[in-house]
Amino acid sequence: MLRLLCVTAHPDDEAGAFGGTLALYADRGVEISVVCLTAGTAAKNRGAARTDEELAALRTAEFKASCQFLGVTNCEVLNYPDSKLDRASFHEVVGDLVARIRKLRPHVVITFGTDGGLTGHLDHAMAGAFATQAFQWAPRPDRYPEQLEQGFNPHRAQKLYWVTADFLLPDRMPTAPPPVTARIEVGAERFEKKIQAFMKHQTQSPLFVRLRKNLGRMPTQEMFHLAATREPRDAKLESDLFAGVIED
Ligand SMILES: [Zn+2]
């Protein structure tokens, strides 16, 4: 079975940034896992939550509902501080992600680039930086060797992608996006599924009006940048994240 791991920063990223792609590969029988680094407690939109703890519980439940709707098999929220991922311990967060890669053994890992995606959000940029380093270090027995004593084995995932786009958001500070090397056509039905998954995040309902506008001119296409591969190769334009992947 092919396996995909998606590393995100906030509950709702799995839908808004990656939803069409997750739904597409779930439909193709790929085992999908999503690890979200924060419970999103810095959000302006807080639903009925009175405290950060209540908001964390609500947003974690919304994340699970969205993941389930998209066909995700494993989903997990790690409770790193929202909007402060640049101050989290690099060693600790990368170690947590290395452990997930060693346990889940994905063939392909997808995450944000260090531009922080379309919004340029600090947490998105850091999630990308942490996940990128974890992809590089999960195979190395000399990184986090204590995990090997706990029964984890090193794991060499085959491809790492950063989500990207061929446009900028006009009302945001401009980012410098990674070049598009993969265009994934998810189709109109899965695009609607992505919107519906986002709408599982009821605490974020004030964002719903902007959602379609922020998804660009060709919203049925999600775009990625191939950032690293197990086998050295030239970049070429792809339409499938699993192109060339060997089921091992
Ligand atoms: Zn986010």
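We did not get these values from a lab; they are worked out from the coordinates using the rules stated. Note that this is a predicted model, so its numbers are computed, not measured. Please note: Cβ atoms are built from the backbone with ideal geometry, for glycine as well, and neighbour counts cover all protein chains shown.
Build a GNM of the chain with springs between Cα atoms under 10 Å apart, and of Met126, Met218, Met199 the one that fluctuates most is Met218. Measuring from each cysteine beta-carbon in the chain, the ones with no other cysteine beta-carbon under 4.7 angstrom are Cys6, Cys36. Centre-to-centre separation between the Cα atoms of segment 167-212 and those of segment 139-158: 34 Å.
Most simply put, the chain has about 35% antiparallel DSSP beta bridges, counting only bridges with both residues inside it. Computed from the alpha carbon positions, the gyration tensor of segment 169-208 leads to an equivalent ellipsoid with semi-axes of 23, 19, 7 Å, biggest first.
With R₀ fixed at 30 Å, the C-beta to C-beta distance from Phe167 to Asp240 puts the FRET efficiency at about 0.85.
Each of Ala99, Phe135, Phe208 was scored by the projection of its Cα onto the charge dipole of the chain, and the greatest displacement toward the positive side belongs to Phe208; charges sit on the C-beta of Lys, Arg, Asp and Glu.
Cut-off 10 angstrom, C-alpha nodes, Gaussian network model of the chain. Which of Asp13, Asp27, Asp142 fluctuates the most? Evaluated over the chain, the most mobile residue of the options is Asp142. Model label sites at Leu148 and Asp86, defined 7 Å from Cα along the beta-carbon direction, differ in position by 3.5 nm.
Using the Cβ-Cβ distance between Arg233 and Ser205 with R0 set to 30 Å, the FRET efficiency from 1/(1 + (r/R0)^6) comes to roughly 0.10. Here the chain is treated as an ellipsoid with the same Cα gyration tensor; its semi-axes, largest first and in whole Å, are 26, 22, 17.
Among His91, His124, His225, the largest mean-square fluctuation in a Gaussian network model of the chain (Cα springs under 10 Å) belongs to His91.
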